[in-house]
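Novice: Would you mind keeping the following structure in view while I ask a few things?
No value in this document is a laboratory result; all are computed from the given coordinates. Quick caveat, the model's predicted, so the values are computed rather than measured. All Cβ positions, even for glycine, are placed from backbone atoms using ideal geometry, and neighbour counts span all protein chains on display.
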Amino acid sequence: MSIVRYLALAAVLGFVGCEKMSGGAASAGGSPGGSVAGKPAGADVAATAAAGGDVKLDLKSSEDLQKLVASKKGKVVVVDAWSTYCDPCMKEFPGLVGLHKKYGPEKIACISFCMNYVGLGKVEDEIEPVIEFLRKQNATFDNILSTDEDTMVNKKLGIQSVPAIFIYDRDGKLVKLINTETTYAEVEEIVAPLLN
C-alpha cells in the first residue's frame, strides 16, 4: 500500500471512524478465488500461524460469502465483517477466535469477512496487512478478503459500517445482525442457545 494512500485513508478514518467511506465507482466484483498468503490472487498457499494452525485467506465477493454461509447448514454460523482500518473491529476480533476455540468447528462455523478494499488500487494490495493480522490472531477458520468495494458490500449486506456481526442458526436463517460495537460475550449469549 502506498504511503499516500495510507495517509489519505487514515485521515478519512480519523474524521469518520469506521463508518462507511464514500468511494468511487464500485469494482466489478467477481471472485478470483484461491487461498492467498501475501501472494497474487489465484495462489493456493496456506500461511502457518505462530501457534501452529493454518491461516488461509480467500479472495471472494459478497455473493461468495452468502454461498459459504449456505454451505455451513447444520452449524451455527457467525460472520464478522471487519477491517484493519477499524479500531473497534480489531478490538473485537479476538472474540471470534475465542468463540471458534471454545465451541469448535463441529458446532460452529466462524467466518471473518474483511472489507479492507475501498475501491482504490487492486484488492491484492490489501492481502499483506490482512494476512499479517490474521496470523497474529491465529484465525484458523474461514477468512475472506472481499473483492467488492466496501460501500457496495455495505449495501448488499444491509449494514451501515463495520464492525458488523451476522449470526445464523443451523438452518441458515439470519437470527441477529449486530451493526455496532459489541463484545463477544454478548454474541455468545445469542449463539449458545442456538447450539442446543
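Novice: Using only Cα atoms, what is the ratio of the radius of gyration of the range 54-170 to 2.2 N^0.38 Å?
Specialist: 0.98
Novice: Could you work out how much longer the chain between Lys91 and Glu132 gets when fully extended? Use 0.36 nm per residue separation minus the Cα distance between them, nm to one decimal.
Specialist: On the way: separation 41, 0.36 × 41 = 14.76 nm, distance 1.55 nm.
Contour length minus the Cα-Cα distance gives 13.2 nm.
Novice: Can you give the translational diffusion coefficient of the range 70-129 in µm²/s, computed by Stokes-Einstein from the Kirkwood radius over Cα pairs at 25 °C and 0.890 mPa s? Walk me through the intermediate numbers first.
Specialist: On the way: Rh = 12.9 Å.
Reported coefficient: 190 µm²/s.
Novice: Set the Förster distance to 30 Å, then compute FRET efficiency between Asp125 and Lys73 from the Cβ-Cβ distance, nearest 0.05.
Specialist: Numbers: r = 34 Å, r/R0 = 1.14.
Between Asp125 and Lys73 the formula returns 0.30.
Novice: Now for a separate question. With the convex hull built on the Cα atoms of the range 157-196, state its orientation-averaged projected area in nm².
Specialist: Mean projected area of the Cα convex hull: 2.9 nm².
Novice: How large is log10 of I(q)/I(0) for the range 120-166 at q = 0.21 Å⁻¹ when the intensity is taken from the Debye formula with one equal scatterer per alpha-carbon?
Specialist: One equal scatterer on each Cα of the range 120-166 leads to -0.90.
Novice: Another one. Give the peptides 99-108, 154-163, 112-121 in descending order of average Cβ contacts within 10 Å, highest first. Show your work: numbers first, answer last.
Specialist: Details: 99-108: 15.1, 154-163: 18.4, 112-121: 22.0.
So the peptides 99-108, 154-163, 112-121, ranked by packing, come out 112-121, 154-163, 99-108.
Novice: List the pairs from Lys102/Lys156; Lys72/Lys101; Lys72/Lys107; Lys91/Lys136; Lys56/Lys136; Lys107/Lys173 whose alpha-carbon separation is above 19 Å, in the order I gave them.
Specialist: Working: Lys102/Lys156 31 Å; Lys72/Lys101 17 Å; Lys72/Lys107 10 Å; Lys91/Lys136 13 Å; Lys56/Lys136 12 Å; Lys107/Lys173 16 Å.
Flagged as over cut-off: Lys102/Lys156.
Novice: May I pose another question? Once you have the Cα-Cα distance between Lys102 and Thr180, take 0.36 nm times their residue separation minus that, and quote the gain in nm to one decimal. Provide the component values of the computation, followed by the final result.
Specialist: Working: separation 78, 0.36 × 78 = 28.08 nm, distance 2.35 nm.
Fully extending the segment from Lys102 to Thr180 adds 25.7 nm.
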